[in-house]
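A quick write-up on the structure given underneath.
The values are calculated or read from the model by the stated rules, or taken from the named source; none is laboratory data. In this text, all values refer to a predicted model and were calculated from it rather than measured experimentally. Note that we place each Cβ from the backbone using ideal geometry, even for glycine, and neighbour counts take in every protein chain shown. Accessible surface is based on the protein model in full, side chains and every heavy atom, while ligands, DNA and RNA are left aside. Shrake-Rupley method; radii C 1.70, N 1.55, O 1.52, S 1.80 Å.
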Amino acid sequence: MKTLLAVESLVIEYAAAGYAVKPIDGLDLEIPGGHLALLLGPSGCGKTTLLSALAGLLTPTSGRIVVDGLELTGMRGRELARFRQEKVGVVFQSFNLLPGLTAAENVAMPMWTAGRGRRAGLARAAELLAAVDMADRASHRPGQLSGGQQQRVAIARALALDPPVILADEPTAHLDHVQVEGVLRILRSLAAPGRAVVVATHDDRLTPVADQLVSLAPHTQAAGGPSVTIELPADAVLFREGDPSDRIWVVDQGQIALTRQRPDGSPVELSVVGPGDHFGEMGPLFDLRRSATAVARTDVVLTGHTVRAFREVVGVEGLAQLLGRER
């Protein structure tokens with residue numbers, strides 16, 4: 001099968017709250033036509049960020065994105081605008097339907113924007129609305145439609161110019177179980193020869209219908225036993241911001257500085273932890289990447305626990321107290 005979407009060594013970095021954030025770091029991915037691919041992972045792992053880059057709405061820091069044989073990462077101006085029109089259809093989490101237009105007019109809008117005539121646009125919209133079982137709601141405005149109906153209209157709009165790649169961001173987030181079933185059937189049917197569908201989701205109900213599962217969560221198996229003790233010299237790095245998280249650490253001797261990178265690359269010190277202090281708990285507990293870099297300020301002795309071992313050490317109440325702070 002022909003590869004319709006390829007990602008090579010993709011890195012996306014941006015500034016947030018005065019710090020540098022790198023949700024996508026060295027991603028490689030290939031999705032052939034006919035495939036429904038799910039981007040999986042918890043909130044904050046980079047699913048929506050990656051979709052935005054694939055749609056040409058966000059410029060990656062480095063790496064390549066190739067869609068239907070065209071390299072997206074080098075496009076600018078009119079070429080990029082044409083790419084967005086012809087190569088990708090986007091289904092937004094919040095639907096993004098224009099409230100003053102009917103369902104048919106919302107679906108026809110991409111065609112009108114591309115220079116198609118009004119009559120041709122409405123005729124194509126009627127076909128697409130029928131395909132998603134919304135023909136009888138063509139004259140209704142978004143405010144007169146349920147969440148599931150609005151999602152169907154949004155899917156029909158994404159198909160308006162028959163793009164080879166469909167991108168959907170949490171398409172079942174606002175739907176009940178009855179509405180989800182209909183949307184699942186539509187998404188599965190869209191992944192046909194000549195078209196790939198990429199869905200960002202944390203909804204496990206979608207996994208049985210997918211051809212590819214792409215986990216953006218930093219799943220890491222902690223090396224060694226449930227608890228390990230290590231020694232580090234001063235200035236040694238225990239882990240870096242953006243690394244996968246494997247253990248929760250306790251300082252036995254010495255001091256650890258926790259730092260975060262500014263957009264210009266310079267570090268800022270967040271805190272210093274000493275004997276008896278815990279740090280790095282949020283990553284392993286919630287399957288997140290490290291949000292800071294841990295550097296030894298002095299020679300240190302540390303004990304690292306897996307989540308299960310850490311629960312045994314501090315107990316349920318102690319764990320609940322620790323969740324009130326992030327290090």
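For V237 and D264, what does the FRET efficiency come to when R0 = 25 Å and r is the distance between their Cβ atoms, rounded to the nearest 0.05? Intermediate values should be presented prior to the final figure.
Working: r = 20 Å, r/R0 = 0.79.
Plugging the Cβ-Cβ distance into 1/(1 + (r/R0)^6) gives 0.80.
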Legend entry - Rounded, prolate or oblate (a/c below 1.5 giving rounded, otherwise prolate when a/b exceeds b/c) for region 241-308 by Cα gyration tensor: oblate
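Just the accessible area per residue of the chain, please: how many Å² with a 1.4 Å probe?
On the way: 15560 Å² over 327 residues.
Per-residue accessible area for the chain comes out at 48 Å².
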Legend entry - Base-10 log of normalised Debye intensity for region 210-264 (one unit scatterer per alpha-carbon) at q = 0.22, 0.26 Å⁻¹: -1.08, -1.29
Inset, instruction - Mind listing the long-range amide H neighbours of L5? Cut-off is under 5 Å, sequence gap 5 or more, other chains count too, H placed in the peptide plane at 1.01 Å from N. - result: I31, D68
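Restricting to DSSP H runs of at least four residues, report the calculated mean residue ellipticity at 222 nm for the chain, -39500 (n - 2.57) per run over all residues, nearest 500 deg cm²/dmol. Walk me through the numbers on the way to the answer.
Numbers: 8 runs with 90 residues, N = 327.
Mean residue ellipticity at 222 nm (helix-derived): -8500 deg cm²/dmol.
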Legend entry - Placed amide H near G89: partners under 5 Å, 5+ positions off or other chain: V165, I166, L167
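Using only the Cα atoms of region 180-237, construct the convex hull and provide its projected area averaged over every direction, in square nanometres to one decimal.
Values: hull surface 30.7 nm².
If you wrap the Cα atoms of region 180-237 in a convex hull and average its projections, you get 7.7 nm².
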Inset, instruction - Step through the residues of region 201-213 one at a time and calculate ³J(HN,Hα) from phi using the Karplus curve (6.51 cos²θ - 1.76 cosθ + 1.60, θ = phi - 60°), rounding each to whole Hz and writing x for Gly and Pro. - result: 7, 10, 8, 5, 5, 7, 4, x, 9, 8, 8, 9, 10
Legend entry - Within straight-line cross-link reach of K87, lysines at Cα separation under 16 Å, skipping those fewer than 8 residues along the same chain: K2
Inset, instruction - Compute from the Cα atoms of region 1-131 the Rg and the Dmax, the latter being the longest Cα-Cα distance, and quote both in angstrom. - result: 16.9, 50
Legend entry - Beta bridge orientation in the chain: antiparallel %, DSSP, nearest 5: 70
Inset, instruction - Report, in debye and to the nearest 20, how large the dipole of the chain comes out about its Cα centre when Lys and Arg carry +1 and Asp and Glu carry -1 on their Cβ. - result: 1400
Legend entry - Cα-based Rg of region 85-146 normalised by 2.2 N^0.38 Å, two decimals: 1.07
Inset, instruction - Go through W112, W249 and list them by solvent-accessible area, largest first, probe radius 1.4 Å. - result: W112, W249
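Which percent of the accessible heavy-atom area of region 194-303 goes to carbon and sulfur, probe 1.4 angstrom? Walk me through the numbers on the way to the answer.
Working: 2520 of 5180 Å².
So the carbon and sulfur contribution to the accessible surface is 49 percent.
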Inset, instruction - Considering Cα pairs under 8 angstrom that are at least six residues apart, work out the relative contact order of the chain and quote it in whole percent. - result: 19
Inset, instruction - Using the charge dipole of region 7-93 (Lys, Arg: +1 at Cβ; Asp, Glu: -1 at Cβ; taken about the Cα centre), state which of G89, I31, V21 has its Cα farthest towards the positive end. - result: G89
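Which trypsin sites (Lys or Arg not before Pro) in region 213-303 pass both tests, a DSSP loop state and at most 16 other beta-carbon atoms within 10 Å? Mind showing how you got there, number by number?
Numbers: sites: R240, R247, R260, R289, R290, R297; in loops: R240, R247, R289, R290, R297.
Filter output for region 213-303: R240, R297.
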Inset, instruction - Take the solvent-accessible surface of the protein heavy atoms, probe 1.4 Å, and return the percent of it on region 53-159 that carbon and sulfur atoms account for. - result: 50
Inset, instruction - Determine the dipole magnitude for region 224-271: charges of +1 sit on the beta-carbon of Lys and Arg, -1 on that of Asp and Glu, nothing else is charged, the reference point is the Cα centre, and the result goes in debye to the nearest 20. - result: 120
Inset, instruction - State, in angstrom, two size descriptors of the chain derived from its alpha carbons: Rg to one decimal place and Dmax to the nearest whole number. - result: 23.6, 76
Legend entry - Within region 231-253: backbone nitrogen closer than 15 Å to the E13 label point (7 Å, Cα to C-beta): 240-243
Inset, instruction - Amide H neighbours of A20 under 5 Å, at least 5 residues apart or on other chains, H built in the peptide plane: list them. - result: Q261, R262
